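In what follows, a structure is listed as structure tokens, so that the remarks can point back to it.
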Amino acid sequence: MPFSTKQPTCTLLFILSLSLATLFATTLRRRHHHFLPHPTPPTSTHHYRNAFLSTANNSTIAAHLRHLTLHPHLAGTPPSLSTAVYVQSHFQSLGLTTHLTNFSTLLSYPKHSSLSLHLKNGTVLPLPLSEPQNDVVVMPYHAYSPSGSAYGKAVFLNYGRDQDYYALGVEVKGCVGLVRRGSEMSRYEVVANAAAHGVSAVLMYTEGDYKQGVERGTVMKGLGDPVSPGWAGLEVGEKLDLDDPRVMEKFPGVPSLPVSEEVAESIIMSLEGVRAPYAWRGDFKSGGGSGIKRVGPGPTMLNFTYEGERKMATIHNVFAVIKGSEEPDRFVLLGNHRDAWTYGAVDPNSGTSALLDIARRYALLMRMGWNPRRTIVLCSWDAEEFGMIGSTEWVEQNLLNLGSKAVAYLNVDCAAQGPGFFASATPQLDDLLVEVTKKIRDPDSENLYLYESWTASNKGVNIERLSRVDSDFAPFLQHAGVPSVDLYFGSEFPVYHTAFDSYDWMKKFGDPLFHRHIAVAGVWGLVALHLADDPVLPFNYLSYATELLKYKDVLNTLLEGAISLHPISSAIQEFTAAAIEIEEEAKKLRLDQNLDEFSVLRRRMLNDRLMIAERGFLDSEGLPGRQWFKHLIYGPRGSTENKISFFPGIADAISQVSNEEERKATIRHEIWRVARAIQRAASALRGEFT
Ligand SMILES: *[C@@H]1O[C@H](CO)[C@@H](O)[C@H](O)[C@H]1NC(C)=O
Ligand SMILES: *[C@@H]1O[C@H](CO)[C@@H](O)[C@H](O)[C@H]1NC(C)=O
Ligand SMILES: *[C@@H]1O[C@H](CO)[C@@H](O)[C@H](O)[C@H]1NC(C)=O
Ligand SMILES: *[C@@H]1O[C@H](CO)[C@@H](O)[C@H](O)[C@H]1NC(C)=O
């Protein structure tokens, strides 16, 4: 039975949602909503939204996924270009306007690697570095790792955090270090930290169900094309030399390779030396590390070689544009990357197939007479796996237009990894997300809406924030200040970046009936329809004010009152007042359905204030030491000591090691910068000069 026939009629849906809402209202801690009920939208809008929801089709999604995952399609290779052609042809077959934007960027590929274990008794064992029966996929490697060899004592370094080196308490200079993934550190941070401790090469493994799987990944610091930092990597454009310090500092100083858990265990079993520090034992997942007793260094020696090449490659972003009928110069962007380390069934083509099905359904609406009020752009990014390169170059190229015209960016990377819905967003989009999940069927429980299962499993609404730098929303939000959303099903999946991330795995484990794909596509496509069609943008900045207040309180606790947060408190007050005011105005305008010139203009003026406010959080100087990251509320940590996921500039200043006076002065300065950012956003909401 096709999924779409499961959609009950509109009335049924309504009755069902009412009764369920009453049922759950008593048991769930519910979040306060500031939305007044919307005026009933014109029937046609309703009609189109229902048509969008009722025409979902899991077979077409499955067929797209099957096609996209027939071959591995690593960025910069011919099969990857084929997927670009596939996506573009699909858009074209629907009658959508499409184009490609190509960039010439520095990518990185492996040529050769070897690893052998030299035991105390003189035995030499070569260790397998690739996955069984998979000579079609790229051999496991770390993109941008320097080439190099090392022969040294093996040592187990736990997660490779500073605290792990202290717990170990022995000299590791010249050793070949073995690290497991799982801390919040990026691969770059882990390898760079090992190099700082004198380790001469790093092996990394991931614990999980697939002991022979090997997790590929990039070890580049930051994001975007390393030879065109801050500007678009055009074919004919400025490129830095490979030995330019600005390029070199993006890569770790020592080579690294990913290995399977099986290989890691065989190394660990051979170690003598230091007893596994007590602090590490609690970290071991059952089974995985239970055998770890001694962690070296030695007596086992490891002979490590990696040879790779960094070379310029052309990458292809594909776009479909549905031009807005009334405000063609306002843009709602939906994006997903297309390139994969291997077959990419989960990462990222579950998202791609959802995007392609949204395109099909939008085209269907267009045939029924629909045209969005604002322009919708569907984006298929390349080279995300190397460091969000396709999206970053494009954002850099289009920065001014994005800044003045982009309403929101909606990202989906791994749409379906397993059960459970996850959403992240900038807070002004919270209410919209919540409303939309009330319209989408839960893929895993008959008769429930997504909202119900999602809030039940979190004991309320749980929307994460976007300080992470792990998918294509990062350049949009953290560089361009575009309100953003990121959606997925499943918290993690055991075949991540391995050769086992295939269509078969998806059929068996990830999403056997492709209902989770349907649910993601539903939320994604419906949020976009609201953003593109609602006459008044469905943004609510009161959620932002609430979040900012929460952050201030956490910060206050962290600082133990030693430094005044008064500048931030009063900026938040100002912001809250502006948010209340504009929400009142928005409520009025949502009721006003006049189409006269003045009403249209008033809505447009209000929408501009709502759209632009997020840009206030950007600061031209960016975060200290990482100037490219301009957003002062959400962005990556600079220091691994930093434990909070907001106000990255302040948080880094708190965790810095320096003399107390200097440290306090830096913290104060960062506090003022955040306060000014919040004031800028408030002033954009008010929309008036001082
Ligand atoms: C779903 O798509 C498949 C093939 O892509 C098609 O055969 C089927 O009729 C569609 N189902 C509905 C209900 O549209
Ligand atoms: C981008 O690359 C594709 C594939 O090589 C090519 O067909 C197309 O002409 C290029 N587009 C532009 C604008 O250069
Ligand atoms: C390490 O491996 C390399 C490449 O296989 C080999 O040339 C070299 O002799 C080995 N070194 C030792 C000490 O075995
Ligand atoms: C689509 O959903 C229907 C109904 O649950 C199911 O019978 C069918 O197998 C699914 N199709 C695919 C390709 O998973």
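Quick look at the values:
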quantity	calculated
Integer Hz, Karplus 6.51/-1.76/1.60 couplings in order for region 641-658, x for Gly and Pro	7, 5, 9, 10, 10, 8, 6, x, x, 5, 4, 5, 4, 5, 8, 6, 9, 6
Coil-residue GluC sites (Glu not before Pro) of region 447-552, DSSP, other Cβ within 10 Å capped at 14	Glu492
Sparsely packed GluC sites (Glu not before Pro) within region 595-660, loop by DSSP, other Cβ within 10 Å at most 12	Glu621
Stretchable slack from His669 to Trp231, in nm (0.36 nm times residue separation minus alpha-carbon distance)	154.8 nm
Stretchable slack from Asp241 to Glu662, in nm (0.36 nm times residue separation minus alpha-carbon distance)	147.9 nm
In Hz, Karplus ³J(HN,Hα) per residue of region 546-562 (6.51, -1.76, 1.60; θ = phi - 60°; x = Gly, Pro)	4, 4, 4, 4, 4, 4, 4, 5, 4, 4, 4, 4, 4, 8, 6, x, 5
Rounded to 5, percent antiparallel among DSSP beta bridges of region 112-308	55 percent
Simple label model, 7 Å out from Cα along Cβ direction - Ser620 to Gln163, nm	4.1 nm
Estimated distance in nm for a label pair at Asp209 and Leu400, the labels positioned 7 Å out from Cα along Cα-to-Cβ	5.2 nm
Cα-based Kirkwood hydrodynamic radius, region 435-541, one decimal, Å	16.0 Å
Computed magnitude of the charge dipole of region 112-308 (debye, nearest 20; Cβ of K, R +1, Cβ of D, E -1)	780 debye
Lys/Arg +1, Asp/Glu -1 at C-beta; region 344-392 dipole; positive extreme among Trp381, Gly369, Gly344	Gly369
The chain: calculated mean residue ellipticity at 222 nm from DSSP helix runs of at least 4, using -39500 (n - 2.57)	-11500 deg cm²/dmol
Distant-in-sequence amide H partners of Ser639 (H built 1.01 Å from N, under 5 Å)	none
Charged-residue dipole, Cβ positions (Lys, Arg, Asp, Glu), the chain about Cα centre, Debye nearest 20	860 debye
DSSP-loop chymotrypsin sites (Phe, Trp or Tyr not before Pro) across region 633-690, with at most 15 other Cβ within 10 angstrom	Phe689
Accessible area (Å², per residue) of region 541-686, counting only protein heavy atoms and a probe of 1.4 Å	46 Å²
Region 112-308, accessible area per residue, ligands and nucleic acids excluded (1.4 Å, Å²)	42 Å²
Shape parameters for region 61-110, alpha-carbon atoms, Rg then Dmax in Å	12.7, 40
Global form of region 541-686, assessed from the alpha-carbon gyration tensor, a/c cut-off 1.5	prolate
Cross-link partners of Lys459 among lysines (Cα-Cα below 28 Å; sequence separation of 8 or more within a chain)	Lys6, Lys285, Lys438, Lys439, Lys550, Lys552, Lys643
The chain, accessible surface, carbon-and-sulfur percent (1.4 angstrom probe)	56 percent
Förster radius 41 Å - calculated FRET efficiency between Phe598 and Asn458, Cβ distance, rounded to 0.05	0.40
Scattering curve values for the chain, log₁₀ I(q)/I(0), Debye with Cα scatterers, q = 0.08, 0.09 Å⁻¹	-0.63, -0.80
Amide H contacts of Ser256 (H built 1.01 Å from N, under 5 Å, at least 5 apart or other chain)	Val202
Antiparallel bridges, percent of DSSP beta bridges restricted to the chain (to nearest 5)	55 percent
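The values are calculated or read from the model by the stated rules, or taken from the named source; none is laboratory data. What you see is a predicted model, and the numbers here were worked out from it, not measured in a lab. Virtual Cβ from ideal backbone geometry, glycine too; neighbours counted across all protein chains shown. Protein only, heavy atoms only, side chains kept; ligands, DNA and RNA dropped before computing areas. Shrake-Rupley method; radii C 1.70, N 1.55, O 1.52, S 1.80 Å.
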